[in-house]
Amino acid sequence: MICSASNHNAQGYKPLSIGFLDIPDLVMGKYGSHYSAGQFIDQHRNIENFIKRSNLIILDIDSGTTIKQALFYLSEYRGYICTTRNHQKEKNGKPACDRFRVILISAFEFNLDPDEHKATI
């Protein structure tokens with residue numbers, strides 16, 4: 001899987017190429033406390049530095065869908081569902097709910113320019 005990770009929110013994103021079974025390590029912070037479904041020029045995470053290749057789709061679900069629903073809707077796909085640090089906590093005055101990420105793996109590599117990537121994500 002094409003991805004990157006860092007211990008900083010925007011800098012130091014080291015490019016990674018990991019296997020499907022290594023995704024839990026990525027999410028749990030083995031490679032850094034922040035991760036991305038892409039790689040970046042000069043290891044600086046921003047839209048202008050995005051390198052045109054990716055094969056992960058990461059969806060942030062912050063309200064409106066439960067993990068149980070996501071498991072049902074996505075049961076035919078290969079991927080992971082992992083909770084975020086704000087899972088089942090009140091956040092910005094909004095009530096506690098399922099907050100999680102869905103990580104899907106594509107059989108194909110996406111080659112999107114930065115604007116296409118931003119619109120897609």
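The values are calculated or read from the model by the stated rules, or taken from the named source; none is laboratory data. Model, not experiment: these values are computed from the prediction. Methodologically, a virtual Cβ is constructed for each residue, glycine included, from the backbone with ideal geometry; neighbour enumeration extends over all protein chains shown. SASA here: full protein model, heavy atoms, side chains in, ligands and nucleic acids out. Shrake-Rupley method; radii C 1.70, N 1.55, O 1.52, S 1.80 Å.
Quick notes on this structure:
- Accessible area ranking (1.4 Å probe, heavy atoms, ligands and nucleic acids excluded), largest first, for Lys118, Lys68: Lys68, Lys118.
- The chymotrypsin sites (Phe, Trp or Tyr not before Pro) of the range 24-101 that DSSP puts in a loop, and whose beta carbon has at most 11 other beta carbons within 10 Å, are Tyr77.
- Solvent-accessible heavy-atom area per residue, rounded to whole Å², over the chain at 1.4 Å: 65 Å²
- Flagged links, alpha-carbon separation over 27 Å, of Lys30/Lys89; Lys14/Lys91; Lys68/Lys94: Lys14/Lys91
- Within-11-Å neighbourhood charge of Ala70 [Cβ basis; K, R +1; D, E -1]: +1
- Percent accessible area from carbon and sulfur atoms, the chain, protein chains only, probe 1.4 Å: 51 percent
- Phe72-Met28 pseudo-label distance in nm [points 7 Å out on the Cα-to-Cβ vector]: 3.0 nm
- Of the residues Asp60, Asp113, the one with the largest accessible area comes first in the ranking Asp60, Asp113, computed with a 1.4 Å probe on protein heavy atoms.
- Taking a sphere under 14 Å around the Cβ of Asn111 and counting the other residues whose Cβ falls inside, with K and R at +1 and D and E at -1, yields a net charge of -2.
- Dipole in debye (nearest 20) - the range 32-121, about Cα centre, beta carbon charges: Lys, Arg +1; Asp, Glu -1: 420 debye
- Hz values of 3J(HN,Hα) by residue in the range 60-69 - Karplus curve (6.51, -1.76, 1.60), Gly and Pro given as x: 8, 10, 10, 4, x, 10, 8, 4, 4, 5
- Per-residue ³J(HN,Hα) for the range 72-80, Karplus 6.51 cos²θ - 1.76 cosθ + 1.60, θ = phi - 60°, Hz, x for Gly and Pro: 5, 5, 9, 4, 8, 10, 9, x, 10
- These residues, Glu116, Glu76, Glu90, go from largest to smallest accessible area, 1.4 Å probe, as Glu76, Glu90, Glu116.
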